1. Under a 5 Å amide H to amide H cut-off, with H placed in plane at 1.01 Å, what residues pair with THR97 once short-range neighbours are removed?
2. Any chance you could look up the accessible area of ILE91 with a 1.4 Å probe, heavy atoms only, rounded to 10 Å²?
3. Tell me, what are the semi-axes, in whole angstrom and largest first, of the equivalent ellipsoid of the range 1-105 as set by the roots of 5 times the Cα gyration tensor eigenvalues?
4. Helix-only mean residue ellipticity at 222 nm, the chain, DSSP H runs n ≥ 4 weighted -39,500 (n - 2.57), per residue, nearest 500. What is it?
5. State to the nearest 20 debye the size of the charge dipole of the chain about its Cα centre, where the only charges are +1 on K and R beta carbons and -1 on D and E beta carbons.
6. Positive end of the charge dipole of the range 111-187 (Lys, Arg +1 and Asp, Glu -1 on Cβ, about the Cα centre): tell me which of CYS166, PHE138, PHE127 has its Cα farthest that way.
7. Under 1.5 on a/c is rounded, so check that first for the range 60-164, then, if it is not, pick prolate when a/b is larger than b/c and oblate when it is not; a ≥ b ≥ c are the square roots of the alpha carbon gyration tensor eigenvalues.
8. Taking the dipole about the Cα centre of the range 14-160, with the C-beta of Lys and Arg at +1 and of Asp and Glu at -1, give me whichever of PHE19, ASN41, LEU150 is farthest to the positive side.
Amino acid sequence: MNPSHFVAALADMHLPAVFNPYADSCDVHDRSNAVRQRKKNLLLFLEAALEARVDTIWVARDLGYRGGRRTGVPLTDEVHLEQAGQLLGGIDMQRATRGPVVAERTAAVVWKVLSHIGRPVVLWNVFPFHPHDPGDPFSNRCHTASERDLTMPLLRSLIDMFQPECLVAIGRDAQLALHDIGVPVKTVRHPSYGGQTEFMATLYKMYGVKETAAPQPQLGF
């Protein structure tokens with residue numbers, strides 16, 4: 001499956017109490033072209049990562065309403081959308097929402113680490129959409145086992161597309177979901193709930209980067 005077909009497959013999924021940023025529009029925050037822009041952002045991200053021959057996928061649990069739900073790029077909020085484009089060679093990803101730029105704490109930590117590492121990775125979630133409480137679209141809940149089963153073929157398609165050397169599971173929930181995925185999995189603590197320091201230290205050690213050193217992004221892969 002190529003990136004275009006992959007994004008199209010994402011857009012075809014519709015589940016109750018789930019916001020699909022590649023198919024659904026938010027009446028409160030989205031611009032009129034929001035769905036199209038999020039699909040474009042993700043497509044640009046995947047195509048650039050393929051061109052860069054990225055060999056690692058970082059996988060968290062599911063999209064948060066302040067991050068990937070708004071941008072279409074997993075673990076990436078609007079504050080770091082430009083930085084994500086720079087790390088992948090200068091691709092132009094744009095906001096899909098109106099109003100003030102919204103930040104997400106997890107995305108901020110992830111992109112702080114990536115700025116130090118200076119090399120791109122594919123960012124993804126076990127459940128690639130935003131699950132929320134019924135009637136409360138701006139809440140976060142954990143996806144269910146049945147929701148995970150329905151979307152697991154998409155994760156497997158992503159893995160087939162990139163043929164990664166390893167996956168990095170961000171948090172225990174992601175680790176458990178990836179236990180039989182068929183690719184080596186390294187686990188790091190999720191940066192929320194007091195795990196930020198350990199998350200950062202583990203990844204810096206994994207990539208052989210000192211936290212005090214901040215290499216410039218390697219552009220133009």
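1. ARG31
2. In the full protein context, ILE91 sits at about 40 Å².
3. Those come to 20, 17, 13 Å.
4. Calculated mean residue ellipticity at 222 nm is -12000 deg cm²/dmol.
5. That gives a dipole near 400 debye.
6. CYS166
7. oblate
8. After comparing all options, I get ASN41.
The values are calculated or read from the model by the stated rules, or taken from the named source; none is laboratory data. Remember, predicted model here, so these are calculated numbers, not experimental data. Cβ: placed from backbone, ideal geometry, glycine included. Neighbour counts: every protein chain shown. All accessible areas refer to the heavy atoms of the entire protein, side chains included, with ligands and DNA or RNA removed. Shrake-Rupley method; radii C 1.70, N 1.55, O 1.52, S 1.80 Å.
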